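**Q** First the structure, which I've put down as C-alpha cells, then a few questions once you've had a look.
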Amino acid sequence: MNRWTREQIAARVARDIPEGAYVNLGIGLPTRIADYLPADREILLQSENGLLGMGPAPAGGDEDPELINAGKQPVTLLTGGSYFHHADSFAMMRGGHIDICVLGAFQVSTQGDLANWHTGEKDSIPAVGGAMDLAIGAKQTFVMMELLTKSGESKLVSHCTYPLTGIACVSRVYTDLAVFEVGARGARVIDLADGMSVDKLSVLTKLTLAGPGQGV
Amino acid sequence: MIGGFGTAGMPDELIDALIARGVGDLTLVNNNAGNAESGVAALIAAGRVRKIICSFPRQSDSHHFDARYRAGEIELELVPQGNLAARIHAAGAGLGAIFTPTGYGTMLAEGKETREIDGRQYVLEHPIRADFALIKAHRGDRWGNLVYRKTARNFGPIMAMAARTTIAQVSEIVPLGDIDPETVVTPGIFVQRVVAVPGSLQGSKQ
C-alpha cells in the first residue's frame, strides 16, 4: 500500500481550508500545513501566544526573540497582522471565532473525542498548554496524525484510553492511509490513499467504518 | 505572577533582582516553568519556588523545573492555557468565578463543579490573583501606561490587572503624552511601579 507522507497529509489538509478562514495550526506536525496553503487563497493564521496574520519563518539573521509562534520558533507577521494579549487570544478560540484548528493526537475516537496532551504514565510530567482550549473552541477541529502507532495499533479508536483533551470535538481526521469524518454517527472514510480500501481500513483499525457516500 | 511565554516577555532583570533580595517560598504563576538558565528557570534553580501554576511546564529546556519536580520539591498546578488567562483576567476584573467549557470531562476538571448552560457543559474555575506581578513591556510612562512589543505582550496586560502590586520593566520610560492614548495597551491604573531596563529590549527591529 502507498502511505501518504507527512508532507502529503499536510497538503491534503491545506486543500480543505477555504478562502478567508481563520486557522490555528497546533505545534508539531500541523505546523507544516502552512507551507501548503494555496497561494490564491487569503487564509489568516492565528497563534495562541498573541498574533493573527502569522507569516513564515524569517530569513536567517532576521529572527526576533519577541516574535515567536506557539512552538516558540521565530516567525514573521504579514502586513495587516495584529498582536494581542492572552485573554483576547483565547477569547478568539473559546468564543468560536477561529474557523479551523488542526491538532496532532495520540488517539481520536470515532465519536470525535480527542486525547493529545498526556500519556498518563506515572513518571511523565504533564503539560497541556492550549490544547484543551483549541480542541473545544474552534468551529471545526481537525486532527493530523499517522493512523497506526509504531507497533501497529490504530490511533482511531472506539474509545480513547489516554486522558482526554476534549469530548466530541474532532470532526475530521487526516492520516497517512485515509481521511475520516468522525462524530455522533461514528467514523466515515472520505478519502483513501492509493491501494487502500474501506475493508482494509476496517481490519487495521478493528472499527466499523462507513465508506465514501455511505451513511453510518 | 511573572509574565512571558517562553522567554518572550520574561522580565529577566526583575527576576534577577528578586533572586538577589533572597525571598523564597514563592507561589509562581507563569505560562511555563522556566527555559534554560535565566528568568523563571533561575528562580527555580535558586530554590525559591514552592509551587508553580502553569499550562506547559515540560519543555526541552525546562531541566531545572524537571529536577525539582521529580525530587518532590515543587508543587505543580496544571491549568489549560486559556483557563489560566481567563482566571487571571477574572481576578483583575473582580469576578467571583467563571464557567469555562475548556477541560470539561477531562482529568483537569475532576472534582470541580460543572453546569449545563444553554445545552453546553461548563466547569467552574476560580480567579487567580497575586500579591505581585512582574511583567515586561516596551515603553511606559510615570502614570504606568504601557505598550508592549510583538508577542512579548502575552500575559502582561492581564497579570497587571490581577496583582496588588504590578512592577513593569520597560526598555524606555517616556514623558506623559508620548504614548498615543489610542494605543495604550495597559492603562496606568493597573501598574504600580515602572522600572527602566534599557538593555532589555530584545531584537533589533522596531
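**Q** Can you say whether A:Arg94 is surrounded by fewer than 20 Cβ atoms within 10 Å (Cβ to Cβ) and among the basic types (Lys, Arg), as far as the supplied structure shows?
**A** Criteria not met by A:Arg94.
**Q** Residues being out of contact with any Pro (no Cβ under 9 Å at 6 or more places or on another chain) and not basic (Lys, Arg): count how many of those fall in the range B:145-155.
**A** Within the range B:145-155, residues that are out of contact with any Pro (no Cβ under 9 Å at 6 or more places or on another chain) and not basic (Lys, Arg) number 4.
**Q** Restricting attention to strands (runs of 3 or more DSSP E) lying wholly within the range B:1-100, give those where 2 or more residues are farther than 26 Å from B:Val191 by Cβ and over 14 Å from the mean Cα position of the chain (by Cα).
**A** Result: B:75-78, B:98-100.
**Q** Then there is this: Whether any residue in the range A:133-140 is buried (at least 24 other Cβ atoms within 10 Å of the Cβ) and of a type in the set (Asp, Glu) is what I want to check.
**A** Checking the range A:133-140: at least one residue is buried (at least 24 other Cβ atoms within 10 Å of the Cβ) and of a type in the set (Asp, Glu).
**Q** Just need a number here: residues in the range B:169-192 that are touching a residue at least 40 places away in the same chain (Cβ under 8 Å) and among the small types (Gly, Ala, Ser).
**A** Here the count works out to 1.
**Q** Got a number for residues in the range A:117-151 being in contact with a Leu (Cβ under 8 Å, 6 or more places away or on another chain) and away from chain B (no Cβ under 11 Å)?
**A** Of the residues in the range A:117-151, 7 are in contact with a Leu (Cβ under 8 Å, 6 or more places away or on another chain) and away from chain B (no Cβ under 11 Å).
This table checks each residue for (1) surrounded by fewer than 21 Cβ atoms within 10 Å (Cβ to Cβ); (2) hydroxyl-bearing (Ser, Thr, Tyr); (3) away from chain A (no Cβ under 14 Å); (4) within 23 Å of B:Val29 (Cα to Cα).
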{"site": "B:Gly94", "(1), (2), (3), (4)": "yes, no, yes, yes"}
{"site": "B:Gly105", "(1), (2), (3), (4)": "yes, no, no, no"}
{"site": "B:Arg120", "(1), (2), (3), (4)": "yes, no, no, no"}
{"site": "B:Arg142", "(1), (2), (3), (4)": "yes, no, yes, no"}
{"site": "B:Asn154", "(1), (2), (3), (4)": "no, no, no, yes"}
{"site": "B:Ile158", "(1), (2), (3), (4)": "no, no, no, yes"}
{"site": "B:Ala163", "(1), (2), (3), (4)": "no, no, yes, yes"}
{"site": "B:Glu172", "(1), (2), (3), (4)": "yes, no, yes, no"}
{"site": "B:Thr186", "(1), (2), (3), (4)": "no, yes, no, yes"}
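**Q** Residues that are within 30 Å of A:Asn116 (Cβ to Cβ) and not β-branched (Val, Ile, Thr): find the strands (runs of 3 or more DSSP E) completely inside the range B:106-206 holding 3 or more of those.
**A** Because the criterion is at least 3 residues that are within 30 Å of A:Asn116 (Cβ to Cβ) and not β-branched (Val, Ile, Thr), the strands (runs of 3 or more DSSP E) in the range B:106-206 that meet it are B:120-125.
**Q** Separate question: Identify, please: which residue in the range A:39-62 is within 13 Å of chain B (Cβ to nearest Cβ) and in contact with an Asp or Glu (Cβ under 9 Å, 6 or more places away or on another chain) and is, among those, nearest to A:Leu103 (Cα to Cα)?
**A** Across the range A:39-62, the extreme among qualifying residues is A:Glu48.
**Q** Could I ask something else about it? Counting only residues that are under 24 Å from A:Gly50 (Cβ atoms), give me the strands (runs of 3 or more DSSP E) lying completely in the range A:95-173 with at least 2 of them.
**A** It comes to A:100-103, A:140-144.
**Q** Within the range B:126-140, how many residues are closer than 22 Å to A:Pro65 by Cβ and surrounded by fewer than 24 Cβ atoms within 10 Å (Cβ to Cβ)?
**A** The number of residues fulfilling the criteria is 2.
**Q** List every residue pair whose Cβ atoms sit under 7 Å apart, with the two residues 6 or more apart in sequence or on different chains, where the first one lies in the range B:10-28 and is touching a residue at least 12 places away in the same chain (Cβ under 8 Å) and under 16 Å from A:Glu66 (Cβ atoms) and the second, anywhere, is of a type outside the set (Lys, Arg) and part of a helix (DSSP H, G or I).
**A** Pairs that qualify, where the first residue is touching a residue at least 12 places away in the same chain (Cβ under 8 Å) and under 16 Å from A:Glu66 (Cβ atoms) and the partner is of a type outside the set (Lys, Arg) and part of a helix (DSSP H, G or I), are B:Met10/B:Val40; B:Glu13/B:Ser200.
**Q** If a residue must be crowded, with 18+ Cβ neighbours inside 10 Å and over 19 Å from A:Leu37 (Cα atoms), how many such residues does the range A:75-90 contain?
**A** 8
**Q** When the residues of the range A:174-198 are filtered to those that are assigned to a loop (DSSP other than H, G, I, E, B) and not aliphatic (A, V, I, L, M), which remaining residue is nearest to A:Ala135 (Cα to Cα)?
**A** Top of the filtered list is A:Gly183.
**Q** Looking at the range A:20-30, is at least one residue farther than 30 Å from B:Asp61 by Cα, more than 10 Å from chain B (Cβ to nearest Cβ) and surrounded by 14 or more Cβ atoms within 10 Å (Cβ to Cβ)?
**A** yes
No value in this document is a laboratory result; all are computed from the given coordinates. Remember, it's a predicted structure, so these values are computed and weren't measured experimentally. Neighbour counts run over all protein chains shown; Cβ positions are idealised from the backbone, glycine included.
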